[in-house]
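The values are calculated or read from the model by the stated rules, or taken from the named source; none is laboratory data. Keep in mind the model is a prediction, meaning the values are calculated, not measured. Don't worry about glycine lacking a Cβ; one is built from the backbone with ideal geometry, like all the others, and counts go over all protein chains shown.
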Amino acid sequence: MKKKLIPLLALGLVGVLAACSTPKNGEASVFIYKYSDTYITTVRTALESEYETLQIKATFQDADNVQQTQTQQIDAAIAAGSSLLVVNTVDVATGEAVLEKAKTADTPVIFFNREVNDAAVNWEKAAFIGTDPDEAGVMQGEILAQALIVDGKLNPTWDQNGDGKINYVMLRAEPGNPEADGRTKYSVDVCNEALEKAGLEPLNLLTPAFNANWNKDTAQQTTANWISTYGLPGESGKDTPIELVIANNDDMALGAIAALGQKNWNAAGSKNKVLVIGVDATAAGLSAIQEGTMYGTVKQDGEAMAKCIAALSKNALDGKDFLDGTSYKWESESVRKIRIPYSMITAE
């Protein structure tokens, strides 16, 4: 048995050495968690354009929200000698594992959009480009407070049954995702803080937040079920109707609007509206705001994110420090992360 084991160990060591010594191909390998995600599509499209402008050769791959698929894609890219890994993780917990593979192959890695642990970027050739996970939720809360509080009183446009409180439902994404957790928590906390300061009742959650996984169709079906259970303002026998829908992204907000539309609510020009708010400022989301079917959103700037990824990619491929010649700054001296700011958007 020992005579057989030694050659196997030697073979494994040869494999590792071969992977480490594979000639670099001068290309960036970009891994997208799911092509069908509306916001990520804006980032991917903008990044393709930025890469073309900077004459960066790149391949893009879709994991279709399957971590095993993405892991295999990353392993294959490293084995083929990719010069740079640009990773939009499926599972936010995989950052450290990807980092270790990149370090073993001495291949720079840029994570983006989906937050990774600080430990995943503690190497000089690793970086993260994204947003503050809590900021979008804070801004959602600020938008809601502006909509709900008028001259120190609850806005009757949204408190349609006049009971002095706003009943809401929450369409969130997967628990443990920092963006989803931040948006779910702070959208409510910040709004409630403003309501309390005005001497008003806090938002009333009708049912536990539902994980619609960023998906419009799932959000539509879930909202339809909630409408059946709780009703809408003015319906007979429904004492706690839905008056507000908070969604972690625009796609889920649009799903809710589609369900409301089936009941002839939230149509353009109609007075029968539930307050609906999302995040991302997608083209469809902005159109809904212009039409008056969605109240507001928080812009997550896909173009700015792509521009930052491209600038750092160029430096990495040229063998320079990530920030060389740029105006970008790390979040702190110890955390190699860059935050792209959000902004609030309503019809006003």
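Can you go through Asp189, Asp159, Asp163 and tell me which one is part of a helix (DSSP H, G or I) and not hydrophobic (A, V, I, L, M, F, W, C)?
Asp189
(1) touching a Cys at 6+ places or on another chain (Cβ under 6 Å); (2) surrounded by 20 or more Cβ atoms within 10 Å (Cβ to Cβ); (3) farther than 30 Å from Pro23 by Cβ: which one isn't true of Ala145, the others all being true?
Failed condition: (2).
Tell me which residues, restricted to the range 107-134, are over 19 Å from Ala306 (Cα atoms) and surrounded by fewer than 22 Cβ atoms within 10 Å (Cβ to Cβ).
Those that are over 19 Å from Ala306 (Cα atoms) and surrounded by fewer than 22 Cβ atoms within 10 Å (Cβ to Cβ): Asn117, Asp118, Ala119, Asn122, Trp123, Glu124, Asp134.
Does Asp301 satisfy being closer than 24 Å to Val30 by Cβ, charged (D, E, K, R) and surrounded by 20 or more Cβ atoms within 10 Å (Cβ to Cβ)?
When the stated conditions are applied, Asp301 does not pass them.
If you scan the range 81-106, which residues turn out to be of a type in the set (Asp, Glu) and surrounded by fewer than 17 Cβ atoms within 10 Å (Cβ to Cβ)?
Glu96, Glu100, Asp106 - these are the residues of the range 81-106 that are of a type in the set (Asp, Glu) and surrounded by fewer than 17 Cβ atoms within 10 Å (Cβ to Cβ).
Determine whether the range 290-297 contains at least one residue that is of a type in the set (A, V, I, L, M), outside the structural domain of Ser82 (by TED's automatic domain parsing), surrounded by 14 or more Cβ atoms within 10 Å (Cβ to Cβ) and more than 23 Å from Asp134 (Cα to Cα).
No.
Conditions tested, residue by residue: (1) at pLDDT 95 or above; (2) touching an Asp or Glu at 6+ places or on another chain (Cβ under 7 Å); (3) crowded, with 18+ Cβ neighbours inside 10 Å; (4) part of a loop (DSSP other than H, G, I, E, B).
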{"residue": "Trp214", "(1), (2), (3), (4)": "yes, yes, yes, yes"}
{"residue": "Pro241", "(1), (2), (3), (4)": "yes, yes, yes, yes"}
{"residue": "Ala253", "(1), (2), (3), (4)": "yes, no, yes, no"}
{"residue": "Asn266", "(1), (2), (3), (4)": "yes, no, yes, yes"}
{"residue": "Gly269", "(1), (2), (3), (4)": "no, no, no, yes"}
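Please identify the pairs in which a residue from the range 205-227 that is basic (Lys, Arg) has its Cβ atom under 9 Å from the Cβ atom of a residue that is at pLDDT below 95 and part of a helix (DSSP H, G or I), counting only partners at least 6 apart or on another chain.
Lys216/Thr38
Among the residues of the range 310-348 satisfying the criterion of being farther than 15 Å from Lys125 by Cβ and assigned to a helix (DSSP H, G or I), which is farthest from the chain's Cα centre (by Cα)?
Selected residue: Ala311.
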